[in-house]
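What follows is a set of notes on a single structure, which appears directly below.
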Amino acid sequence: MKLVIKMWKGLINKYKKYLPVKNDQKIITLNEGNTPLIKADWLSEKYDFDLYLKFEGANPSGSFKDRGMTLAVTKALEENSKAIICASTGNTSASAAAYGARSRLKTFVVVPKAKIAKGKLSQALIYGAQIIPIKGNFDKALEIVRKLTEKHALTLVNSLNPFRIEGQKTAAFEIADQLKNNELDILALPVGNAGNITAYWKGFKEYYNENIINYLPQMFGFQAAGSAAMVKEKIIKNPDTIATAIRIGNPVNRDKARNAMEESNGLFDSLTDEEIKEAHYLLASKEGVFVEPASATPVAGLIKLSKENKKDLTNKKIVAVLTGNGLKDQEFVLDNYSLPNSIEGDFKTVENFINI
Ligand code: AN7
């Protein structure tokens with residue numbers, strides 16, 4: 001007998017009406033999506049805004065990439081593809097490897113050898129992808145992968161693949177559904193290759209055009225200062241930041257992302273590594289939400305705007321998209337914060353140690 005699952009069955013099942021899938025299509029899913037929207041009490045009180053955190057680290061492979069990957073891989077199967085390939089700063093490779101395993105498509109991931117968080121690399125490894133580490137950065141990897149997909153029968157699953165954007169737009173639907181009748185003023189998110197900001201804007205506009213919502217939020221895109229291609233409006237030759245996920249100098253979706261920012265009357269801004277590190281710490285230690293460094297960027301951005309009085313955020317309803325799970329980059333924590341020395345393992349010593 002077939003088991004009937006009454007729980008959440010993934011975002012294609014939920015939002016099929018808005019996605020390019022056929023009714024009889026075999027869907028490759030890990031029941032992604034339906035991630036929590038968490039009120040940021042401490043930050044809201046401190047900075048006088050009304051902030052909610054969309055915790056995308058709760059997706060099956062630990063990042064928002066799963067939203068696009070379920071659709072991209074479902075469509076690859078429909079199109080009788082034999083293999084998928086991506087360039088990645090880490091999360092796309094982890095997600096592609098997971099959905100690749102599930103679909104049994106051969107999966108290739110090209111990653112910058114020196115600048116990928118170990119958690120992400122170990123995911124790609126155990127899911128069974130063929131990992132191709134290169135001596136070069138993400139932009140170089142993507143250039144190679146694009147050429148490969150032009151020449152060989154490989155399906156590209158980077159955000160140049162339109163199904164990635166289609167899948168990722170469901171995060172905007174979810175936020176609108178979770179907020180119910182509350183209007184959202186601002187959506188803040190990190191920007192790397194600029195696919196996600198493009199996807200969110202598409203999602204909000206579709207819900208607006210369907211009369212499901214009667215507002216459109218401003219899109220605030222935040223980048224790391226060393227990789228701020230959108231802010232500086234130029235290609236960054238040697239991008240650098242501790243937020244390795246967004247260490248990208250030549251965003252492929254730049255035009256669509258700029259359009260999203262301008263149409264929504266939003267903004268792009270950049271943050272130093274120190275500012276990102278501080279927000280990363282505050283999210284974990286004040287809100288109990290552990291994200292990877294790149295995902296702290298929008299929160300760092302909101303803090304900066306508020307502190308510098310650059311924008312009046314007072315009482316604004318804001319959602320910050322926390323794109324990836326903190327467990328992906330444990331090295332960042334262990335390298336920057338010190339663990340206490342060990343003590344004798346007896347009751348008295350431990351009791352004496354506890355200072356209450
Ligand atoms: C945690 O995995 O580009 O602006 O190759 O992993 O849509 O590129 C990751 C990007 C933000 C930026 N936060 O999103 C990759 C990759 C996290 C990320 C971004 C990424 P886009």
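When peptides 282-288, 165-171 are sorted by average Cβ neighbour count within 10 Å, with the highest value leading, the order is 165-171, 282-288.
For the range 234-356, the Stokes-Einstein estimate of translational diffusion at 20 °C and a viscosity of 1.002 mPa s comes to 124 µm²/s, using the Kirkwood hydrodynamic radius over alpha-carbon pairs. The smallest convex shape that holds all Cα atoms of the range 146-242, its convex hull, gives 136 Å³ per residue. Normalising by residue count, the range 1-154 has a Cα convex hull of 165 Å³ per residue.
Taking θ as phi - 60° and the Karplus parameters 6.51, -1.76 and 1.60, the scalar couplings of the range 227-234 work out to 9, 8, 5, 6, 5, 7, 6, 7 Hz in sequence order, x denoting glycine and proline. Solvent exposure of the chain, expressed per residue, is 47 Å² of accessible area, with all protein chains present and a 1.4 angstrom probe. Just the protein heavy atoms count here, and of the accessible area of the range 141-280 at 1.4 Å, carbon and sulfur take up 45 percent.
With both partners inside the range 1-118, how many of the DSSP beta bridges are antiparallel, as a percent to the nearest 5? Beta bridges within the range 1-118, antiparallel portion: roughly 40 percent.
Taken over the C-alpha atoms, the range 174-302 has Rg and Dmax values of 14.9, 44 angstrom.
With the alpha-carbon atoms of the chain aligned to their principal axes, the span from lowest to highest coordinate is 64, 54, 51 Å, starting with the largest. Semi-axes of the equivalent ellipsoid of the range 11-82 are 33, 12, 8 Å, computed as sqrt(5λ) over the eigenvalues of the C-alpha gyration tensor in descending order.
Could you tell me the relative contact order of the range 127-250? Use alpha-carbon pairs under 8 Å, at least six residues apart, and round to a whole percent. RCO, the range 127-250: 23 percent.
With contributions of -39500 (n - 2.57) from each DSSP H run of at least four residues, the per-residue ellipticity at 222 nm computed over the chain stands at -12500 deg cm²/dmol. Net charge of the neighbourhood of ASN137, taken over other residues with C-beta under 11 Å away and scored Lys/Arg +1, Asp/Glu -1, is +3. Using equal-weight Cα scatterers in the Debye expression, the normalised intensity of the range 43-96 in log10 at q = 0.15 Å⁻¹ is -0.55.
If both residues of a DSSP beta bridge must be in the range 173-323, then about 0% of such bridges are antiparallel.
A compact globular protein would have a Cα radius of gyration near 2.2 N^0.38 Å; the ratio found for the range 287-343 is 1.47.
Can you classify the range 96-149 as rounded, prolate or oblate using the Cα gyration tensor, where a ≥ b ≥ c are the square roots of its eigenvalues, rounded means a/c under 1.5, and otherwise it's prolate if a/b beats b/c and oblate if not? Verdict is oblate for the range 96-149. Of all accessible surface on the range 1-136 at a 1.4 Å probe, what whole percent is carbon and sulfur? Carbon plus sulfur share of accessible area: 53 percent. Bridge orientation summary for the chain: considering DSSP beta bridges with both residues in this region, about 15 percent are antiparallel.
In straight-distance terms, cross-link reach from LYS304 covers every one of the lysines whose alpha-carbon lies under 16 Å from its own, apart from those fewer than eight places away in the same chain; here that gives LYS46, LYS277, LYS316. In the structure shown, do any of LYS113/LYS317; LYS180/LYS286; LYS118/LYS205; LYS65/LYS205; LYS2/LYS202; LYS6/LYS317 have a Cα-Cα gap over 31 Å, and if so which? Flagged as over cut-off: LYS113/LYS317; LYS118/LYS205; LYS2/LYS202; LYS6/LYS317. Take 12-24, 56-68 and order them by the average number of nearby Cβ atoms within 10 Å per residue, most first; the result is 56-68, 12-24.
The values are calculated or read from the model by the stated rules, or taken from the named source; none is laboratory data. Just so we're clear, the structure is a prediction, and the values are computed from it rather than from any experiment. Backbone-built Cβ (ideal geometry, glycine too); neighbour counts: all protein chains shown. The protein model used for the area step is the full one, side chains on, heavy atoms only, and it has no ligands, DNA or RNA in it. Shrake-Rupley method; radii C 1.70, N 1.55, O 1.52, S 1.80 Å.
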